[in-house]
Amino acid sequence: DAGITQSPRHKVTETGTPVTLRCHQTENHRYMYWYRQDPGHGLRLIHYSYGVKDTDKGEVSDGYSVSRSKTEDFLLTLESATSSQTSVYFCAIRGTSGRSRNEQFFGPGTRLTVL
Amino acid sequence: DQQVKQNSPSLSVQEGRISILNCDYTNSMFDYFLWYKKYPAEGPTFLISISSIKDKNEDGRFTVFLNKSAKHLSLHIVPSQPGDSAVYFCAASTFNAGKSTFGDGTTLTVKP
């Protein structure tokens, strides 16, 4: 168990409303990631962080912003949710030593529905 | 341009037989490859990995083969068990890079 939690686990919201998803880790890992998973598209990277206040864009970052003010929390914000952002969102952290440095450990996911 | 491709969306095999899942990549800079397994309503979990300096890595019933010249890797599961039924994602990265690129996944169904 890599000590990753996501909240909320499920959310239904309306188009145009802001939404924030939280990822919390207890492992003190430097790297954290946000992915979305959609049928036929696998896991696509939205944003990632390589330290407090250090973030970078992934392949599908449009419409999303992130913040990391402390090591254990990585927030994903949809400023104005759209129906195309209906998806399952996964947070992940990266291993820190040896071969596990390239392994990622995933949270349980957040199912977001935008009506 | 999809850099990691899993061309078979689904695979069905009989219990006890071999399951072979395939993955192709286009970026020659990738030097570390991983397979993840995902059950419904759960996050993916790491299964097995291989560095580009090797062509095979084995862990129990799971073996990953890497063919660098063909930019192809495969995951073999022998013998397959019903509990192996899941979605399998292939991923690739450069060893010290901060991120991995994932394929679209293959849904494996192992029939009793």
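The alpha-carbon of B:K54 sits under 19 angstrom from the alpha-carbons of these aspartates and glutamates, leaving out residues fewer than 8 places away in its chain: A:E103, B:D24, B:D31.
Once both labels are positioned 7 Å from their Cα atoms along Cα-to-Cβ, the gap between A:Y50 and B:N7 label points is 3.4 nm. Accessible surface area normalised per residue over chain B is 48 Å², counting heavy atoms of protein chains with a 1.4 Å rolling probe.
The accessible surface of the stretch A:4-114, taken with every protein chain in place and a 1.4 Å probe, is 46 percent carbon and sulfur. Taking a Cβ cut-off of under 9 Å around B:L47, the surrounding Lys, Arg, Asp and Glu residues balance to a net charge of 0, with basic ones at +1 and acidic ones at -1. Under a 5 Å amide H cut-off, with hydrogens placed 1.01 Å from N, A:G58 pairs with A:H47, A:Y48 among residues at least 5 apart or on other chains. For the pair B:R17 and A:L115, a Förster radius of 41 Å applied to the C-beta separation gives a FRET efficiency near 0.40, rounded to the nearest 0.05.
The distance linking the stretch A:28-90 with the stretch B:1-51 is 22 Å (Cα centroid to Cα centroid, whole angstrom). Protein heavy-atom accessible surface, 1.4 Å probe, per residue over the stretch A:4-114: 46 Å². In plain terms, the chain from B:H72 to B:S28 could stretch by 14.7 nm, reckoned as 0.36 nm per residue minus the Cα-Cα distance. Considering all different alpha carbon pairs of chain B, the Kirkwood hydrodynamic radius works out to 14.0 Å.
Of the solvent-accessible surface of the stretch B:1-84, computed with a 1.4 Å probe over protein heavy atoms with every protein chain present, carbon and sulfur atoms account for 49 percent. Sequence neighbours fewer than 8 away in the same chain don't count; with that in mind, list the lysines whose C-alpha is under 27 Å from A:K70. Excluding near neighbours in sequence, the set is A:K11, A:K53, A:K57, B:K99. Just to check I understand the Karplus step: with θ = phi - 60° and J = 6.51 cos²θ - 1.76 cosθ + 1.60, what whole-Hz values come out for the stretch B:5-10, glycine and proline as x? Values, residue by residue: 10, 10, 6, 9, x, 8 Hz. In order along the stretch B:59-68, the Karplus-derived 3J(HN,Hα) couplings, from 6.51 cos²θ - 1.76 cosθ + 1.60 at θ = phi - 60°, round to 8, x, 7, 10, 9, 10, 10, 10, 10, 5 Hz, and Gly and Pro are given as x.
Once the other residues with Cβ under 11 Å from the Cβ of A:L112 are scored (Lys, Arg +1; Asp, Glu -1), what is the net sum? In short, +4. Taken about its Cα centre, the protein assembly as shown carries a charge dipole of roughly 200 debye when the Cβ of each Lys and Arg holds +1 and the Cβ of each Asp and Glu holds -1. Excluding residues on the same chain fewer than 8 positions from B:K111, give the lysines whose Cα lies under 28 Å from its Cα. Straight-distance partners of B:K111: B:K5, B:K37, B:K38, B:K56. Amide H contacts under 5 Å for B:I48: B:W35, restricted to partners 5 or more places along the chain or on a different chain, H placed in the peptide plane at 1.01 Å from N.
Applying a DSSP loop filter and a limit of 16 other Cβ atoms within 10 Å to the trypsin sites (Lys or Arg not before Pro) in the stretch A:3-74 leaves A:R9, A:R30, A:K53.
Residue-wise HN-Hα couplings along the stretch B:104-112, as the Karplus relation 6.51 cos²θ - 1.76 cosθ + 1.60 with θ = phi - 60° gives them from phi, are 7, x, 10, 8, 9, 10, 10, 8, x Hz; Gly and Pro carry x. Compute the signed sum of charges (Lys and Arg +1, Asp and Glu -1) over the other residues within less than 11 Å, Cβ to Cβ, of B:L66. Local net charge: +2.
The values are calculated or read from the model by the stated rules, or taken from the named source; none is laboratory data. Everything numeric here is computed off the predicted structure, so don't read it as measured data. Virtual Cβ from ideal backbone geometry, glycine too; neighbours counted across all protein chains shown. Each accessible area value is taken on the protein alone, full model and side chains, heavy atoms only, with ligands, DNA and RNA left out. Shrake-Rupley method; radii C 1.70, N 1.55, O 1.52, S 1.80 Å.
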